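K.L.:
One structure follows; several queries about it will come next.
The values are calculated or read from the model by the stated rules, or taken from the named source; none is laboratory data. Note that the structure is a prediction, hence the values are computed from the model and not measured. Glycine gets a Cβ as well: all are built from the backbone with ideal geometry, and neighbour counts include every protein chain shown.
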Amino acid sequence: MEGNFELLSMIANFGLPLLILMIAYFIGSYIERRHFRNIREREAKAKGFPVVSFDTMPENWNASSSHLVTGSIVVSLDYFKRVIAGLRGLIGGRIKTYEPLLDRARREAVLRMIEEARLQGYDAIFNVRLETSRLANARRDGKGIAGVEMLAFGTAVKFASRFANSQ
C-alpha cells in the first residue's frame, strides 16, 4: 500500500509537470504552424502589390498622394525557446530557435502594413523599413525578454494614373 502511494506521489511530482510541458510544447508548435500557413495564404493574396525598400520613389511611379503606413506585431517568446536560447547563450553561436519566431514576426508586420495600405486605397509602398524592439520581462530583476515587437513602415502612394510599364 505504501509503495503504491510513493509511486503515485512520484508520478504526480514529476510526471504531471512533464506531461503539462509536453502538451504546451505541442500546442505551441501547432499554433506556430497554423500561423505560418495563414501568412503564406495572405502573402499569396498580396503578391503583385509593389513593396520596395528604395529610399526614393521609382521614377515610373506617378503618385498623386502619399501616406505613412505601418504594420506591427508583438510576439511572445515561448518557454522552450527561451530555455534553449539560454543554453546556447552559455556557449555562443547562432540561436536557431528564435529564427522562426522572428521570421513570423517580420512577415506578419509587412503583411499588416500592406493590408493597411490596401484598405486605404493605396497602390504601392516604397521606403519600407523594419524595426525590432525587445519587450522587457516582468521579472523583478529586469532581466529576460517577454517578447519581441516587429514594426514595418513605409510610404504608401496612390498613382495618379496606372503606369504602363512593369514594376
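K.L.:
Run LYS81 past the list (1) in contact with a Ser or Thr (Cβ under 6 Å, 6 or more places away or on another chain); (2) under 30 Å from PHE159 (Cα atoms) and report the number of the one that doesn't hold.
P.N.:
Single failed check for LYS81: (2).
K.L.:
Could you tell me which of the residues ILE145, ILE125 is modelled with pLDDT of 90 or more and either under 21 Å from the mean Cα position of the chain (by Cα) or more than 12 Å from TRP61 (Cβ to Cβ) (or both)?
P.N.:
On the way: ILE145 fails: modelled with pLDDT of 90 or more.
Exactly one of ILE145, ILE125 is modelled with pLDDT of 90 or more and either under 21 Å from the mean Cα position of the chain (by Cα) or more than 12 Å from TRP61 (Cβ to Cβ) (or both), namely ILE125.
K.L.:
Residue by residue through the stretch 42-51, note down the ones that are surrounded by 10 or more Cβ atoms within 10 Å (Cβ to Cβ) and either assigned to a helix (DSSP H, G or I) or in contact with a Lys or Arg (Cβ under 6 Å, 6 or more places away or on another chain) (or both).
P.N.:
ARG42, GLU43, LYS45, ALA46
K.L.:
Might you check whether a residue that is buried (at least 18 other Cβ atoms within 10 Å of the Cβ) and basic (Lys, Arg) occurs anywhere in the stretch 112-130?
P.N.:
yes
K.L.:
For the stretch 59-78, give me each residue that is more than 26 Å from THR155 (Cα to Cα) and either acidic (Asp, Glu) or surrounded by 15 or more Cβ atoms within 10 Å (Cβ to Cβ) (or both).
P.N.:
Those that are more than 26 Å from THR155 (Cα to Cα) and either acidic (Asp, Glu) or surrounded by 15 or more Cβ atoms within 10 Å (Cβ to Cβ) (or both): LEU77, ASP78.
K.L.:
Condition test on ARG118, is it modelled with pLDDT of 95 or more and under 14 Å from the mean Cα position of the chain (by Cα)?
P.N.:
no
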